[in-house]
Each structure stands twice: as C-alpha cells, then as structure tokens.
Amino acid sequence: MPAPLTPATEPVGADGFTPRERVWLDQTIKHMAELNDLLAERGSPRRYGIGPEAPPTEPDADTAGLWQAASTAVAWLNTTNVPSDHETAMRLMKLTEEAGEVMQAYIGLQGQNPRKGQTHTADDVAAELCDVILTAAVALHEFTDQPAATLDHHMRRVNDRMKQPPSDHAN
C-alpha cells in the first residue's frame with residue numbers, strides 16, 4: 001500500500017502548490033469571485049480577494065485625497081457636460097493635453113528654446129505631472145465603478161512583474 005500523501009510528501013508543482021493545494025486555492029478564488037459578484041449586486045463597495053491580486057476594500061489612506069478630488073471633478077464635469085461617448089473622448093484628450101504641458105515645462109526647465117532660455121522649474125514639471133495623474137484618475141472613472149481598486153489592482157500586477165527576473169528577450 002502506498003504511503004498517504006501529506007504536505008511533506010506530496011509533490012510541489014512549478015507554481016509552488018501541491019495538486020491538492022491548487023484545487024483548494026482555485027475553489028477559494030472561484031467562491032471569492034462569486035461573493036464579490038453578490039456584494040456588487042447589492043451595491044456594496046466591499047471586495048475580497050486572496051494574495052497580491054486581491055482588490056482593496058477601500059482606497060489607501062495615502063491616495064484617498066486623489067480619489068476624492070477625482071470624484072469631485074467627475075461630479076462637477078457631469079453637471080456641466082452631459083456624460084456621453086463624446087465627453088469620454090474629451091476627457092481622454094484632456095489627458096494628452098496635460099501630458100503635452102509636462103513636456104513644455106520640461107523643455108522650459110532645460111532651457112531648450114534658445115530664444116526663451118530657462119522658463120520653468122522642477123516644481124513646474126512636478127505640478128504638471130500631478131495634473132496628468134489627476135486627469136487620468138478622472139478619466140478612469142469613465143471605465144470602472146471602482147477606480148481606486150482598479151488602479152491598486154493594476155499596480156500590484158505591475159509590481160509583481162518587476163519582481164520577476166528579466167526575460168531573455170528584453171532587448
């Protein structure tokens with residue numbers, strides 16, 4: 001009779017889990033997704049998850065000001081401009097405009113225009129970058145009901161990718 005499988009004797013796969021652990025984890029993730037769907041159906045902002053992919057239950061205290069400002073801007077814009085596909089496109093184009101202002105400030109910081117010389121400071125560039133971040137946060141509201149959780153989830157995935165060794169075809 002073969003020895004029973006135990007955590008000490010069961011083979012571990014390339015993902016770091018034994019076959020039984022993988023089944024349990026997959027089932028747990030499935031049930032967690034079902035729970036989140038039920039919570040969303042009744043309008044609850046709470047979300048649950050497991051590991052680095054887990055969405056936060058509420059915005060990080062460090063970014064709460066960003067999301068409050070973005071939500072206020074969205075509400076203000078929605079009272080002035082009727083929400084529509086055209087308005088969404090305008091908000092995305094505003095993001096491009098703000099990125100252009102970053103480059104204008106950087107060119108001014110470098111004194112690249114010989115006729116004008118140095119016209120901007122590093123603080124000017126930083127302020128324009130902040131405008132880009134806020135404008136992106138406003139635009140993100142058009143594509144998700146949970147922009148803070150969406151950004152946090154994406155940043156966790158990016159952070160996990162940066163922890164991976166460089167690939168052979170990185171060049």
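Values in this text are rule-based calculations from the coordinates and carry no lab data. If you're wondering where the values come from, they're calculated on a predicted model, not measured in any experiment. Cβ sites come from the backbone with ideal geometry, for glycine too, and all protein chains shown count toward neighbours.
What the table below lists for this structure:
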quantity	calculated
Charge dipole (debye, nearest 20) of region 83-153; +1 at Cβ of Lys and Arg, -1 at Cβ of Asp and Glu	400 debye
Partner aspartates and glutamates for Lys163 [C-alpha distance under 18 Å; skip if fewer than 8 residues away on the same chain]	Asp15, Glu53, Asp152
From the C-alpha gyration tensor of region 112-159, square roots of 5λ in Å	33, 12, 8
